[in-house]
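Report on the structure given below.
The values are calculated or read from the model by the stated rules, or taken from the named source; none is laboratory data. This is a predicted model, so every value here is computed, not measured. Note: ideal-geometry Cβ built from the backbone for every residue, glycine included; neighbour counts use all protein chains shown. Ligands, DNA and RNA are stripped out before the accessible areas are found, and what is left, the full protein with its side chains, is counted by its heavy atoms. Shrake-Rupley method; radii C 1.70, N 1.55, O 1.52, S 1.80 Å.
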Amino acid sequence: MSIGSELHGAVDRGEILAWFQPQVDVETGRIAAVEALARWQHPVRGMVSPLVFIPAAEDTGAIHEIGAFMLREGCRHAARWRDRGFKLDVSVNVSAIQLAKPGVFAQLHDLLDTFALPEGVLTIEITESQLIADLKDVATRLAHLKSFGLGIALDDFGTGYSSLAQLQDLPITELKIDRSLIQAQSVGGELIALAVALLQERGVRVVAEGVETEEQLERVRHMRCDRAQGYLFGRPMPVGKVDEMLDHALA
């Protein structure tokens, strides 16, 4: 059987898992948020890379059931952490294919209501390439989602698809700078810092991705990014490991 055909029903079989990667506040170092990431634990193939199964899911339509599961898990754990006193934001990747389905609006509204999440706790991430490919239509749908309390993050910024000028009218609340800009020594940090300042003036939170070393973290501090994410703070991990990190930080 193909990867695509095996994906159907994978959620119901308990094979799709929600793992999480921490984001830290650059100024305080505390865990401020987590990004929910889909993992597929196949009974025969083992752990299948999302680089393999996410494109297959989009091609076959399985992305809708996987996406619905990830959104619910993101909301469920966000509410659970808040009940335990950890006010973590949670971001979940959403495919442009999911956004094109009208039912996603009602689904998200119901999830926010069911789990009683305050405004801005749940952030929807969409990649820069997806947004720019259908800028006007996707931006309209994102504005609708933002109107009932969702954060909107543009992921992978800096991969060459858009400019700051194109972002001016987009309804984003967060921008994630691609790891390639954070890790490349040749990229001008001063220019990125200027871009960060311009975005922050508009109330947009800036997250640096791919931070793996103390040197890169210092660079991110110099750029005055709000949050940082990367292996320096933790790889994607099962929810139990996140709980342990939070308990350890509280101890």
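ALA57 passes every criterion in (1) open to solvent by 10 Å² or more (accessible area, probe 1.4 Å); (2) more than 15 Å from VAL239 (Cα to Cα) apart from (1). Within the range 213-235, being out of contact with any helix residue (DSSP H, G or I) (no Cβ under 7 Å at 6 or more places or on another chain), open to solvent by 60 Å² or more (accessible area, probe 1.4 Å) and of a type outside the set (Lys, Arg) holds for GLU214, GLU215, GLU218, TYR231.
The condition of being at pLDDT below 95, open to solvent by 10 Å² or more (accessible area, probe 1.4 Å) and touching a Lys or Arg at 6+ places or on another chain (Cβ under 9 Å) holds for only one of PRO171, PRO238, that being PRO171.
Residue pairs whose Cβ atoms lie under 7 Å apart, sitting 6 or more positions apart in sequence or on different chains, and linking a residue in the range 195-220 that is more than 23 Å from ILE124 (Cβ to Cβ) to a partner that is basic (Lys, Arg), are ALA197/ARG224.
Each residue in the range 90-100 was checked for being open to solvent by less than 50 Å² (accessible area, probe 1.4 Å) and either modelled with pLDDT under 95 or more than 15 Å from ASP155 (Cβ to Cβ) (or both), and 5 of them qualify. Of everything in the range 101-116 that is assigned to a loop (DSSP other than H, G, I, E, B) and over 30 Å from ALA249 (Cα atoms), the residue that is modelled with the lowest pLDDT is PRO102.
Of all residues in the range 241-251, exactly one satisfies the criterion of being farther than 23 Å from GLY210 by Cβ, open to solvent by 70 Å² or more (accessible area, probe 1.4 Å) and at pLDDT 95 or above, namely GLU244.
For the structure I just gave you, tell me whether HIS77 is over 21 Å from the mean Cα position of the chain (by Cα), open to solvent by less than 20 Å² (accessible area, probe 1.4 Å) and either hydroxyl-bearing (Ser, Thr, Tyr) or modelled with pLDDT of 95 or more (or both).
Details: over 21 Å from the mean Cα position of the chain (by Cα): no; open to solvent by less than 20 Å² (accessible area, probe 1.4 Å): yes; either hydroxyl-bearing (Ser, Thr, Tyr) or modelled with pLDDT of 95 or more (or both): yes.
Here the answer is no, as HIS77 does not meet what is asked.
Contact annotation: residue pairs with Cβ atoms under 9 Å, 6 or more positions apart or on different chains, pairing a residue in the range 72-91 that is within 16 Å of ALA32 (Cβ to Cβ) and touching a residue at least 40 places away in the same chain (Cβ under 8 Å) with a partner that is of a type in the set (Gly, Ala, Ser) and part of a helix (DSSP H, G or I), are PHE86/ALA249; LEU88/ALA78; ASP89/ALA78; VAL90/GLY74; VAL90/ALA78; SER91/GLY74. The residues in the range 101-122 that are touching a residue at least 40 places away in the same chain (Cβ under 8 Å) and either farther than 21 Å from ASP243 by Cα or open to solvent by 50 Å² or more (accessible area, probe 1.4 Å) (or both) can be counted, and the count is 4.
Between VAL211, VAL187, the distinction of being at pLDDT below 85 and farther than 30 Å from PRO102 by Cα belongs to VAL187 only. Residues in the range 152-162 include at least one that is aromatic (Phe, Trp, Tyr), in contact with a strand residue (DSSP E or B) (Cβ under 9 Å, 6 or more places away or on another chain), modelled with pLDDT under 90 and not in a loop (DSSP other than H, G, I, E, B).
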